[in-house]
Amino acid sequence: MHHMNSFPFKTLLAIGLSFALTFTFSSCTYNEINFEIYGSWVWKNSSGGMSKDPLTPQNTGVERKWIFYKNGGFVETDNNRIYFNDSFKLSIEPFRGVESKILTIYFRYKLTDPPDSIAILPTKYLIKRLSDILVVEEIDRSDRYIHTYVRQ
């Protein structure tokens, strides 16, 4: 009798430990990507869409920065002027059947009708690289641009 009762306990213990370890590793990964993205990033190029040649600061005349804050704030500057002052979220989600690092930026646009109204357009990016270089691919837009930024 004692042997039969201990089997379900051991099984439940193993399942509980597996769940705890999975949750811990997922949390570590999430915290690591949060930590890695904080700070300023300078835009280097974008490719995709209808453009044959990559877009760069040199051929567009736009010097862009993305700035990520620990409180979830996000700022995009173009030529040192604030273009967007919004928020962001990092998550781990399935993308094409693989658990992937996803960056969502909640861009706010001022509307004229009705006056003083705001539309929030969340844009999701697949994080392809995050180190001293940030490479993201737009995944919810048809032109699927890939953007490259360098840590400032």
Theoretical gain in end-to-end length, TYR69 to ARG81 [0.36 nm per residue, Cα-Cα removed]
2.6 nm
If you take the square roots of the eigenvalues of the alpha-carbon gyration tensor of the range 30-152 and sort them as a ≥ b ≥ c, do you get rounded (a/c under 1.5), prolate (a/b over b/c) or oblate?
rounded
Determine which lysines satisfy two conditions relative to LYS124: a Cα distance under 27 Å, and not lying fewer than 8 residues away in the same chain.
LYS44, LYS52, LYS65, LYS70, LYS89, LYS101, LYS110
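Report the calculated FRET efficiency for LEU111 and GLN152 (r = Cβ-Cβ distance, R0 = 30 Å), to the nearest 0.05.
For R0 = 30 Å, the calculated efficiency reads 0.40.
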Does the range 85-152 classify as rounded, prolate or oblate by the C-alpha gyration tensor (a ≥ b ≥ c root eigenvalues; a/c under 1.5 gives rounded; else a/b over b/c gives prolate, otherwise oblate)?
prolate
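Every number in this text was worked out from the coordinates using simple rules, so none of it is lab data. Here the structure is a predicted model, which means the values were calculated and not measured. For neighbour counting, all protein chains shown are included, and Cβ atoms are generated from backbone atoms with ideal geometry for every residue, glycine included.
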